[in-house]
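> Handing you this structure, nothing more for now.
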Protein chains: 2
Amino acid sequence: MTGSTLAELGRRAKAASRVLASASTADKDAALQACAAALVEATDAILAANAIDVESAQERGMSATVIDRLRLDAGRVESMAGGLRQVAGLADPVGEVLDGWVRPNGLRISRVRVPLGVVAIIYENRPNVTSDAAGLCLKSGNAAFLRGSSGAIQSNIAIAASLRGACESVGLPADSVVLVEETSHAAAVEFMRLRGYIDVLIPRGGPSLIASILEHATVPYVIDGDGNCHLYVDESADLEMAARIATNAKTQRPSVCNAAETLLVHRAVAEEFLAGITGVLPGVELVADPGALALIPGAAGAVAAVEDDWSTEFLDLKMAVRVVDDLDEAIAHITRYGSGHSEAIVTRSLEAAERFTREVDAAAVVVNASTRFVDGEEFGFGAEIGISTQKLHARGPMGLRELTTAKYVVRGDGQTRG
Amino acid sequence: MTGSTLAELGRRAKAASRVLASASTADKDAALQACAAALVEATDAILAANAIDVESAQERGMSATVIDRLRLDAGRVESMAGGLRQVAGLADPVGEVLDGWVRPNGLRISRVRVPLGVVAIIYENRPNVTSDAAGLCLKSGNAAFLRGSSGAIQSNIAIAASLRGACESVGLPADSVVLVEETSHAAAVEFMRLRGYIDVLIPRGGPSLIASILEHATVPYVIDGDGNCHLYVDESADLEMAARIATNAKTQRPSVCNAAETLLVHRAVAEEFLAGITGVLPGVELVADPGALALIPGAAGAVAAVEDDWSTEFLDLKMAVRVVDDLDEAIAHITRYGSGHSEAIVTRSLEAAERFTREVDAAAVVVNASTRFVDGEEFGFGAEIGISTQKLHARGPMGLRELTTAKYVVRGDGQTRG
């Protein structure tokens, strides 16, 4: 696709989206299976392309983490193929009748789930996103318009070529998957402004990408934002359960958005709970308010929290701890510092559980379980394209359903408006 | 609220929204009834304020249409109050459980409808929007953050003062309704960028307002865009029905977005249908393609359409007419020129109806009825805040439901992720 202007690419994706919108589930699933087979078959070519990206990343002195995300091997290619086969097995959201009623004048109105059209994704150095995103778009009847980063461009080109060929082999448009090969910043800004070709843009990247979208985008977008998640241990909590949940929410995978970042403990149980905190959060660096600091054993090496700590998504083995006087103070803290992602309470009080779930304003409120469950797989969606922290369109984990919109179908027998 | 910065106003609306989110239906309905009573009681003050706006509009030489929209009288104030009472009678969307399931690990997940928070509206010289929008926001548990135009500012201040007092009189925050009194363009841009305070912005205005939002807004928004609506008369159409629907769709109220702008006629019935077009569209200025021009009687005074006519929303007694070879050509025309609002077919063919509803990409597709039915009242929503022509969040008429979002509530008994 070298040399094509972005608008030309957009036009092609749009044209493909019209075909995909009417494609049968069987055809889309056949395409997904063909894509999976094509990836496996093209393993050597994909790995050769990936080696160029990895070498270039090493030359530019990228960190080991970045290079690990970028690097593919036969197992990872097989795992991308497995992801596509899994998506083929999910229910097709398109065509679901969401609502239907008859008006007094006899008009029959129904609201039917339809694809969005062209779903654009801007993403970073993870070549697996090329395949994962294309698969979810394909199953939900959308064309995938992909703009990965320059650091993974050779890998992305090789993967997209396989997927495009596979779509064509089963009679769907090659342009069901369109990859932007121009990876400059200016092209990214132009991409965000392709109104008329892009129906939704889903950015998968850090704060600077989000800021750029807020500033420049004219196409509709869904933001997959930060997760500054809290765990509140209520005065009535089962403290053993609270300990298990705190361990899991902070340490099971600290680098992800649904890991907990701040622990709030009710004053009535703070002494007992915090006395054992080194066992609950082994190896976790603690920053604490004065109330918590006085109760945390010296061996934990906790230091005083600074204001910024309460709003920071550490994404690491680090946690802020605060003792609160009551549920009100816990909710007020979350209201002030939370990012609207996932917020959990451990409690035995029905009233506290009800108030927490009602008054905390977040994509997900969790009672007596780990914040780590807030993702598409754990919710049972089979796969996810991201976790929305905005309130419009999609909120929380986004699966196939969130890649659709609705259309009203109105059927009459000659009605006119009086 | 003079002198307050926009951010201060936003903070106040946000604080009020937290109270409203937990308010009972009974309290919200009591507030709506109190608002209605307060408007009627304040009729004299509202009309006095309105007189200042009207006088100023006359001095600035505004058109009669603009002044008519701006001018209030006792009947119009009563009608605003009636609108609020009607909204009080609608079902409360908040708290509806949209979905719920249990995961294999015992986690119980439900998706619950909740208010958006702060709903911002930017609107033009129609003071009734102040009351209408506030009522819909209140019922759906949202704070209304209103930014009307300078031309209606005195009226808006008087109306908002009544509504704020009424909310307070029943124990809800006065800041349930916050009016921005600074009406400069710079303030409008600042308003569109109040991320953190505004959960959704719904513009009610023309193309220049929409363009400004696309360029400047960083808050989420729902666009209520143009309606370039088509009526397609299929070869199998009942031509009498087609005539009735064409008359209604074009002439019943030509100035609104769901009026039809282009008539597409299948070649097989074009001669018969267009022979009687002066009776079908009396007083309508016709612009036509060569095929239609050859068939439209000279008395109709039709002229050749220019390219721009096909994409113009005339909003007037003017219609573009084209003869098409078949359904494919009709759908292709709509795909090229339509604005994704409302598209209608008149047909007796099941296949044509199915293809049209499936392949035409619009908020509403209508079979054998007038496009004029595509609005919130006619759909049975009781009231509408606008008609969305975007695909994200809301598509088509927006009622109370579209002023809400969802929250996941996850209940466990100590689950941790493995």
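The values are calculated or read from the model by the stated rules, or taken from the named source; none is laboratory data. If you're wondering where the values come from, they're calculated on a predicted model, not measured in any experiment. Positions of Cβ are generated from backbone atoms using ideal geometry, with glycine treated the same way; all protein chains shown enter the neighbour counts.
> If you go through the range B:405-417 one residue at a time, do you hit one that is more than 7 Å from chain A (Cβ to nearest Cβ) and not basic (Lys, Arg)?
The answer is no; no qualifying residue exists.
> Which one is farthest from the other protein chains (Cβ to nearest Cβ) among residues in the range A:364-377 that are part of a helix (DSSP H, G or I) and surrounded by 24 or more Cβ atoms within 10 Å (Cβ to Cβ)?
Ranking the candidates gives A:Thr371 first.
> If you go through the range A:194-212, how many residues are facing another protein chain (nearest Cβ under 9 Å) and surrounded by 17 or more Cβ atoms within 10 Å (Cβ to Cβ)?
So the count comes out to 2.
> Quick check on my filter: what residues within the range A:226-250 are farther than 21 Å from A:Pro397 by Cα and either among the hydrophobic types (A, V, I, L, M, F, W, C) or more than 10 Å from chain B (Cβ to nearest Cβ) (or both)? Talk me through it step by step, then tell me what you get.
Looking only at the range A:226-250, we keep the residues that are farther than 21 Å from A:Pro397 by Cα, and these are A:232-244, A:246-247.
Within the range A:226-250, A:Tyr232, A:Val233, A:Asp234, A:Glu235, A:Ser236, A:Ala237, A:Leu239, A:Met241, A:Ala242, A:Ala243, A:Ala246 qualify.
> I'd like to verify a number: residues in the range A:379-404 that are over 17 Å from B:Thr404 (Cβ atoms), touching a helix residue (DSSP H, G or I) at 6+ places or on another chain (Cβ under 8 Å) and either more than 7 Å from every other protein chain (Cβ to nearest Cβ) or at pLDDT below 95 (or both), how many?
Residues in the range A:379-404 being over 17 Å from B:Thr404 (Cβ atoms), touching a helix residue (DSSP H, G or I) at 6+ places or on another chain (Cβ under 8 Å) and either more than 7 Å from every other protein chain (Cβ to nearest Cβ) or at pLDDT below 95 (or both): 11 in total.
> So which of A:Ala31, A:Ala45, A:Ala23 ends up being within 14 Å of chain B (Cβ to nearest Cβ) and at pLDDT 95 or above?
Just one listed residue meets the conditions, A:Ala23.
> Which ranges mark the helices (runs of 4 or more DSSP H) fully within the range B:229-311 that have 3 or more residues being in the same structural domain as B:Glu359 (by TED's automatic domain parsing) and surrounded by 24 or more Cβ atoms within 10 Å (Cβ to Cβ)?
B:239-251
> Still on this structure, please answer the following. Quick check on A:Asp361: is it in a loop (DSSP other than H, G, I, E, B), modelled with pLDDT of 95 or more and acidic (Asp, Glu)?
yes
> Please indicate, with yes or no, whether at least one residue in the range A:217-226 is outside any loop (DSSP other than H, G, I, E, B), within 30 Å of A:Ala143 (Cα to Cα) and touching a residue at least 12 places away in the same chain (Cβ under 8 Å).
Yes; the residues of the range A:217-226 include at least one that is outside any loop (DSSP other than H, G, I, E, B), within 30 Å of A:Ala143 (Cα to Cα) and touching a residue at least 12 places away in the same chain (Cβ under 8 Å).
> Please give the helices (runs of 4 or more DSSP H) falling wholly within the range B:60-173 in which 2 or more residues are more than 20 Å from the chain's Cα centre (by Cα).
In the range B:60-173, B:64-70, B:74-88, B:153-169 are the helices (runs of 4 or more DSSP H) which contain 2 or more residues that are more than 20 Å from the chain's Cα centre (by Cα).
> Another question, then. Do you know which residues across the range B:155-213 are more than 30 Å from A:Glu215 (Cα to Cα) and among the aliphatic types (A, V, I, L, M)?
Correct list: B:Ile157, B:Ala158, B:Ile159, B:Ala160, B:Ala161, B:Leu163, B:Ala166, B:Val170, B:Leu172, B:Ala174.
> Would you point out the residue of the range A:174-192, among those that are under 22 Å from the mean Cα position of the chain (by Cα) and buried (at least 17 other Cβ atoms within 10 Å of the Cβ), that is farthest from the other protein chains (Cβ to nearest Cβ)?
Only one residue fits best here, namely A:Leu179.
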